[in-house]
Amino acid sequence: MVTELNESNFDSFVESNHIAIIDCWAPWCGPCRRMGPIIEEVANDLAGKAGVAKLNTDENQAIAVRFNINAIPTLLVFKDNVLVDALVGLRPKEDILAYVSGL
Amino acid sequence: MDTDVFVIGSGPAGIQAAIHASRHKVSVTVAGKPSASAAAGPEMDNYFGTGHVSGSQLIAEGIRQAESTGAVFVGQNVISSSRGGDGSFRFVLDDGTEVVSKAVVIATGISREKLGIPGEKELYGKGVSYCAVCDCNFFKGRRVVIVGNESEAAISAEMMTGYASETSWVAWDMKASQVLLEKAEAAGVRIYGSKPLAIVGETKVEALELEDGTRIPMDGVFIELGARSAADIALDLDVMPELDDTIKVDTGCATEVPGVYACGDVTGKPWQVAKAVGQGCVAGTNAATFVKGER
């Protein structure tokens, strides 16, 4: 089960992972529903290498505004507590793993 | 409206599914616009037994055959889909008609249409979106434009008026139903009739330029071309589409959800009429036998 983030644990999750990947989603978003199982697999494959979590942008709009999210699904990618990229749109697991291995 | 088998799509796959399903003495209703089929334009030389033939000619004759077996063509798109708790499937059409069916055949084809204008790719996620339902919340109190000629654009435009400070809709070849058009107008949507030329902005969307010289200052551009996609319809029916928006089926054209079948281009390549009608035959037959409790 991928960790669900909110206002209270978002910053500490990003700080405590060398690499953090946050899947920003909302329940009524079709592409987000398709991204869900992919993120579960990514989290399993990257266990011990990167922290993978989910953020419901509907329930956490302040964080969405803070990171200027305009479309979902978006993967926020942090390295050493710094936002390095925002990957917008549905994408296959292999692309995400390849991206992370290049960080 | 109640029907045994509901076919979504009226190209070669959907028509063939309708012909075979209705020959099994079940009621068949077909949604979709025949003119929207990928086969409606081109001429072909590689289809069995016809020689050189136009796709439109095949479609027109196919509809006549299907109607003669009892299938009903409603000529409208599906705007929403869901699964009922009793195992039924529920749909809403362009004009608001509700359809309840016992089995479904998804034969929508796949969308090959891209807007393909400067700024579209570069500003994706920076104001350009392909899903109004997903991203409406990010545009509260901001100015948005919806781009598209059909029902998805109309529905998105009306919905966005509940979020945006200003909602415009660019439709250069209006095909949305009168009902949806009137709803959008009543909600205060401003409609433009010229084709988009470019999405302008450096780090975020600033404006949409049209071919007639109009420049619409904008914070968000929602590209909603065509009718509701097969991927969205499938998701609503609990069928998980593939990443390329195709729908996985078994050799019986069945999806993972009992009673839901798919055929034609939507199941993947080859995008050929011959394959579409072959699968249409299988999907239509199996949908009918499912309704009759023989599967």
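The values are calculated or read from the model by the stated rules, or taken from the named source; none is laboratory data. Just so you know, these numbers come straight off a predicted model, no measurement behind them. Cβ sites come from the backbone with ideal geometry, for glycine too, and all protein chains shown count toward neighbours.
Annotation for the stretch B:151-167: at least one member residue is aromatic (Phe, Trp, Tyr) and over 30 Å from A:Pro92 (Cβ atoms).
Residues in the stretch B:182-196 that are farther than 15 Å from B:Asp212 by Cβ and either β-branched (Val, Ile, Thr) or in contact with a helix residue (DSSP H, G or I) (Cβ under 6 Å, 6 or more places away or on another chain) (or both): B:Lys183, B:Ala184, B:Ala187, B:Val189.
Output the residue which, of all residues in the stretch A:67-91 that are surrounded by fewer than 18 Cβ atoms within 10 Å (Cβ to Cβ) and touching a residue at least 60 places away in the same chain (Cβ under 8 Å), is nearest to the other protein chains (Cβ to nearest Cβ). Only one residue fits best here, namely A:Lys79.
In the stretch B:235-247, the condition of being of a type in the set (Ser, Thr, Tyr), surrounded by fewer than 19 Cβ atoms within 10 Å (Cβ to Cβ) and not assigned by TED's automatic domain parsing to the domain that holds B:Lys33 is met by no residue. Condition test on B:Met174, is it in contact with a helix residue (DSSP H, G or I) (Cβ under 8 Å, 6 or more places away or on another chain), of a type outside the set (Asp, Glu) and within 13 Å of chain A (Cβ to nearest Cβ)? No: the conditions fail for B:Met174. Mind checking whether some residue in the stretch B:43-61 is in contact with a strand residue (DSSP E or B) (Cβ under 9 Å, 6 or more places away or on another chain), closer than 20 Å to B:Arg228 by Cα and outside any strand (DSSP E or B)? No, the stretch B:43-61 contains no residue that is in contact with a strand residue (DSSP E or B) (Cβ under 9 Å, 6 or more places away or on another chain), closer than 20 Å to B:Arg228 by Cα and outside any strand (DSSP E or B). For the stretch A:30-66, give me each residue that is part of a loop (DSSP other than H, G, I, E, B), crowded, with 16+ Cβ neighbours inside 10 Å and in contact (Cβ under 8 Å) with a residue 40 or more places away in the chain. Once the filter is applied, which keeps residues that are part of a loop (DSSP other than H, G, I, E, B), crowded, with 16+ Cβ neighbours inside 10 Å and in contact (Cβ under 8 Å) with a residue 40 or more places away in the chain, the stretch A:30-66 yields A:Leu46, A:Ala50, A:Asn60. Looking only at the stretch A:18-61, residues that are within 13 Å of chain B (Cβ to nearest Cβ), touching a Ser or Thr at 6+ places or on another chain (Cβ under 7 Å) and over 18 Å from B:Leu235 (Cα atoms) come to 1 in all. The listed residues are B:Ala176, B:Ala164, B:Ala207, and the only one of them that is at pLDDT 95 or above and either charged (D, E, K, R) or within 26 Å of B:Asp95 (Cβ to Cβ) (or both) turns out to be B:Ala164.
A single member of B:Gly284, B:Gly252 is surrounded by 18 or more Cβ atoms within 10 Å (Cβ to Cβ), assigned by TED's automatic domain parsing to the domain that holds B:Ile106, out of contact with any Pro (no Cβ under 6 Å at 6 or more places or on another chain) and not polar (S, T, N, Q), and it is B:Gly284. Could you tell me whether B:Glu256 is of a type in the set (Asp, Glu), within 12 Å of another protein chain (Cβ to nearest Cβ) and either within 12 Å of B:Thr108 (Cα to Cα) or part of a loop (DSSP other than H, G, I, E, B) (or both)? When the stated conditions are applied, B:Glu256 does not pass them. For the stretch B:74-113, the set of residues classified as of a type in the set (Lys, Arg) and either free of Cβ contacts under 8 Å to residues at least 12 places away in the same chain or not in a loop (DSSP other than H, G, I, E, B) (or both) consists of B:Arg83, B:Arg90, B:Lys102, listed by residue number.
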